[in-house]
Amino acid sequence: MLEVFFEADEALRASDGRKARPRQPDAIRPFFEHQLATDPASSIGAIDHGRLVAYGRVTVRDGVGFLSELFVLPRWQSRGIGRAVLRACLAGAGASRVATCVDAVQPVSTGLYASLGIA
């Protein structure tokens with residue numbers, strides 16, 4: 001998951017001329033581990049030939065979901081993988097409603113979330 005996160009984030013930042021953030025896997029690994037432990041049914045990955053190429057996570061508390069992350073490796077983007085992972089996350093979450101926060105430089109992602117009813 002860390003590698004998918006870093007590669008996808010770096011590609012997005014490079015696409016609009018922003019500098020890559022330093023990779024700090026030890027700082028974010030505990031967050032990933034906590035999410036997987038507390039919300040396993042809504043933490044979904046997509047694997048191609050044994051390699052994780054996308055993942056998404058929806059945190060659920062008191063029946064309300066929050067899309068924490070959805071990342072797809074650049075080579076696999078625009079193939080419907082993100083939509084499929086997100087649908088699986090939402091199904092696993094079973095939340096009555098789901099919200100998220102988005103980066104303004106990601107209109108494709110924002111459109112995907114809105115098309116699935118995420119506020």
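Mind listing whichever residues of region 82-110 are of a type in the set (D, E, K, R) and within 12 Å of the chain's Cα centre (by Cα)?
Just the residues of region 82-110 that are of a type in the set (D, E, K, R), to begin with: 83, 87, 97, 103.
Scanning region 82-110 gives 83, 87.
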Could you tell me whether residue 46 is within 15 Å of residue 116 (Cα to Cα), aliphatic (A, V, I, L, M) and at pLDDT 95 or above?
no
Meets criteria (open to solvent by 80 Å² or more (accessible area, probe 1.4 Å), touching a helix residue (DSSP H, G or I) at 6+ places or on another chain (Cβ under 9 Å) and not in a helix (DSSP H, G or I)) for residue 29:
no
Based on what the data block shows, is residue 3 in a helix (DSSP H, G or I) and closer than 28 Å to residue 92 by Cα?
yes
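Only one residue in 7, 33 is over 20 Å from residue 110 (Cβ atoms), out of contact with any strand residue (DSSP E or B) (no Cβ under 7 Å at 6 or more places or on another chain) and touching a residue at least 12 places away in the same chain (Cβ under 8 Å). Which one?
Details: 33 fails: touching a residue at least 12 places away in the same chain (Cβ under 8 Å).
Only one candidate qualifies: 7.
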What residue, of 79, 57, 51, 75, is within 14 Å of the chain's Cα centre (by Cα) and closer than 22 Å to residue 9 by Cα?
57
Just one of 106, 77 is closer than 24 Å to residue 18 by Cβ, modelled with pLDDT under 90 and of a type outside the set (Gly, Ala, Ser); which is it?
106
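Mind checking whether some residue in region 58-77 is assigned to a helix (DSSP H, G or I) and within 22 Å of residue 114 (Cα to Cα)? Steps first, please.
Step one: of region 58-77, the residues assigned to a helix (DSSP H, G or I) are 74-76.
Next cut, within 22 Å of residue 114 (Cα to Cα) only: 74, 76.
Yes, there is a match, as at least one residue in region 58-77 is assigned to a helix (DSSP H, G or I) and within 22 Å of residue 114 (Cα to Cα).
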Can you name every residue in region 32-58 that is open to solvent by 70 Å² or more (accessible area, probe 1.4 Å), of a type outside the set (A, V, I, L, M) and within 23 Å of residue 99 (Cα to Cα)?
33, 34, 40
Result of the Cβ filter at 7 Å on region 78-95, keeping first residues that are outside any helix (DSSP H, G or I) and partners that are not β-branched (Val, Ile, Thr), at least 6 apart or interchain, is 95/63; 95/65
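The values are calculated or read from the model by the stated rules, or taken from the named source; none is laboratory data. As the structure is a computational prediction, the values presented were derived from the model and not from experiment. Reconstructed Cβ throughout: ideal geometry from the backbone, glycine too, with neighbour counts over all protein chains shown. Quick note on the areas: whole protein, heavy atoms, side chains included, nothing else; ligands and nucleic acids left out. Shrake-Rupley method; radii C 1.70, N 1.55, O 1.52, S 1.80 Å.
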